[in-house]
Amino acid sequence: MTLTNIITPGQLAPDFELKDINKNSVRLSSFRGSKPVVLAFLRGFT
């Protein structure tokens, strides 16, 4: 297994867009510079 896409501390995360629980599109970059972001990816959550 090769880990080529590791993000190091202090490095910006790649931008992406997902739907929130209300089906609204949310882009990670929209939070940049305004507030801390914690990401949690839950398996099997629908």
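The values are calculated or read from the model by the stated rules, or taken from the named source; none is laboratory data. Model, not experiment: these values are computed from the prediction. Counting neighbours? That spans all protein chains shown, and the Cβs are built from the backbone with ideal geometry, glycine included.
So in the range 2-32, with the set limited to residues that are of a type in the set (D, E, K, R) and surrounded by 11 or more Cβ atoms within 10 Å (Cβ to Cβ), which one is modelled with the highest pLDDT?
Within the range 2-32, the subset of a type in the set (D, E, K, R) is 15, 17, 19-20, 23, 27, 32.
Right, trim to surrounded by 11 or more Cβ atoms within 10 Å (Cβ to Cβ) and you get 27, 32.
Working: 27: 94, 32: 87.
The selected residue is 27.
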query = In the range 1-35, how many residues are touching a strand residue (DSSP E or B) at 6+ places or on another chain (Cβ under 6 Å) and polar (S, T, N, Q)?
reply = 1
message = Cβ contacts < 6 Å: first residue part of a loop (DSSP other than H, G, I, E, B), restricted to the range 5-25; second residue among the β-branched types (Val, Ile, Thr) and surrounded by fewer than 10 Cβ atoms within 10 Å (Cβ to Cβ), any location; separation 6+ or different chain. Result?
response = 13/7
